[in-house]
Amino acid sequence: MEAGSVDKLANLAAVPLWYGLGLAACAVLLLLYQVSKSCIAGIKKGIVYMYGCVHLHSPLRLGIIGTTTRGRFVAWGLFVIANGVGMCLGPNNTTAWLVRSARMASMNFFLVACGGKLNYLGYVLGAPYSLAEALHKWAGYIGIVQATVHASIAIALKKPQDLWTDAGFLTVAGLVALAVLLSLKNKMYETHRFIHIALAIFIFRGFWVHSWEHLRPQYPITCISLWGSGFLLTKAMQLYRMAVGTGYAHIHVTHFQGAIQLRVETRRPSEFLPGQFFYLCMPRAHPFAFLQSHPFIIAWWDGISGEGTKTVYLLIQPRRGFTSRLLMLGHAISYRGFLEGPYGKRLRLDDYGTVIILASGIGIAGVLPYIKDLLLGFNASKAKIKRLHLIWILSAEGELG
Ligand SMILES: Cc1cc2nc3c(=O)[nH]c(=O)nc-3n(C[C@H](O)[C@H](O)[C@H](O)COP(=O)(O)OP(=O)(O)OC[C@H]3O[C@@H](n4cnc5c(N)ncnc54)[C@H](O)[C@@H]3O)c2cc1C
């Protein structure tokens, strides 16, 4: 091979780094977008207009992905393509593939380390809950495939004697187990959560040892720093909210046919927006409830918009776990609870003349604040709404009382 082409290939070794820088640049752009939102409202309107023009909000139903929007599908496609390019561009022998797959997997694990909820990090970057969850999941899946490619090449090249003592192999085995166990999530959420956390610690330990063995400690250090900063930021905000009296609440439980209403009263008032939700921890619900927190959308709140309120209401449909225990709590009694959030992004509907809202079952809780907001906006001549259609689908007569 000519010296020039060898140089070119050597330069391509930096592709995973460019991929990582690309991800970081996206985060910086999101942050700039968030900042510019408050400074230049016009920029945002332009972006929203362009976004609307190409119908990126239109729903799309695809077998393996489920229901999504065109915009999300395009973003997901670009993410997969970026990974494909990152994996394929450059390596021309098995050793180069070995290094490349390890680097690409590490870059994706940086995203995974930001956490499934992203919490305040996501809040600051304006990432909605579903996007943060999807990024965690898809960066994880793709990272697992890349790590498996890396492990397969390593085994083929080095033919190690005892795989089960090798930190790298154990890491990949842990990753595969984690992906397989995801099927438990909907059936046994809490059990799955504990196994997921335990496996994540096991995987991180293996990743740490393996990276130090290969003199690449920067990868696990970056991972733990990203995870740690998100975690600390979230905990610091929680402590701050507790200190100022908005992270701790008295919760009044009311049951009505088939549903539960929680009246949440904080010590200090805060302002709320449609689309926001809390993670609620109610230690009295059952013996292990202090280890759990569940997301619930704010269905409505007392007081007038812009003035802040101490009282918000949550509407809950009992399922099998924590929510079913709420049914066993004394009716109309007050309990202590801890709130994390509010998180969630408000959709701006003020510019639309006709709004059609679809809600199914308890999903009505999420749309009530939008309906109130639109009506208040209409009365104050701030919203262009002329027609509002609400379609509420209930599986049985009398569902939710
Ligand atoms: C952003 C958001 C807002 C929500 N708002 C409401 C609301 O206003 N009213 C309402 O009734 N429900 C709401 N939910 C759903 C609610 O969080 C779950 O029904 C509740 O956590 C179930 O608790 P459980 O222990 O009884 O669940 P289980 O009976 O153990 O599981 C039932 C389902 O809930 C999911 N689930 C369980 N725990 C959690 C958790 N901590 N986080 C996310 N999903 C979980 C499981 O995957 C499963 O699919 C919301 C969910 C999200 C993600």
Checking LEU315 against (1) assigned to a strand (DSSP E or B); (2) touching a strand residue (DSSP E or B) at 6+ places or on another chain (Cβ under 6 Å); (3) more than 10 Å from the ligand (Cβ to nearest atom): exactly one of these is not met. Which one? (3)
Pairs under 7 Å by beta carbon, first residue within 21 Å of GLN276 (Cα to Cα) in region 367-394, partner of a type in the set (Ser, Thr, Tyr) and modelled with pLDDT under 90, six or more apart or different chains? LEU376/SER305
Residue selected from region 348-371 under the condition under 23 Å from LEU314 (Cα atoms) and hydroxyl-bearing (Ser, Thr, Tyr), by the criterion surrounded by the most Cβ atoms within 10 Å (Cβ to Cβ): TYR370
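Every residue in region 294-305 that is farther than 13 Å from ALA249 by Cβ and more than 6 Å from the ligand (Cβ to nearest atom), please.
Correct list: ALA299, TRP300, ASP302, GLY303, ILE304, SER305.
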I'd like the residue in region 372-383 that is assigned to a helix (DSSP H, G or I) and surrounded by fewer than 19 Cβ atoms within 10 Å (Cβ to Cβ) and, out of all such residues, is farthest from the chain's Cα centre (by Cα). ASN379
Tell me, please, whether a residue that is farther than 24 Å from PHE194 by Cα, in contact (Cβ under 8 Å) with a residue 12 or more places away in the chain, out of contact with any Leu (no Cβ under 9 Å at 6 or more places or on another chain) and outside the structural domain of THR234 (by TED's automatic domain parsing) can be found in region 277-295. no
Taking the criterion of being at positive phi and either among the basic types (Lys, Arg) or away from the ligand (no atom under 14 Å from the Cβ) (or both), would at least one residue in region 160-183 satisfy it? no
How many residues are at pLDDT 90 or above and more than 9 Å from the ligand (Cβ to nearest atom) if we restrict to region 281-293? 3
Right, PHE204: of a type outside the set (Ser, Thr, Tyr) and touching a residue at least 60 places away in the same chain (Cβ under 8 Å) or not? no
Filter region 324-347 down to the residues that are within 13 Å of the ligand (Cβ to nearest atom) and under 22 Å from the mean Cα position of the chain (by Cα), then identify the one that is surrounded by the most Cβ atoms within 10 Å (Cβ to Cβ). GLY341
Could you count how many residues in region 232-265 are loosely packed, with under 14 Cβ neighbours inside 10 Å and of a type in the set (Phe, Trp, Tyr)? 2
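If the requirement is being on the phi > 0 side of the Ramachandran plot and within 13 Å of the ligand (Cβ to nearest atom), which of these qualifies: GLY275, GLY321, GLY308? Outline the logic, then answer.
Values: GLY321 fails: on the phi > 0 side of the Ramachandran plot; GLY308 fails: within 13 Å of the ligand (Cβ to nearest atom).
Checking each option against the conditions leaves just GLY275.
The values are calculated or read from the model by the stated rules, or taken from the named source; none is laboratory data. Being a predicted model, the structure only gives us computed values, none of them experimental. Note: ideal-geometry Cβ built from the backbone for every residue, glycine included; neighbour counts use all protein chains shown.
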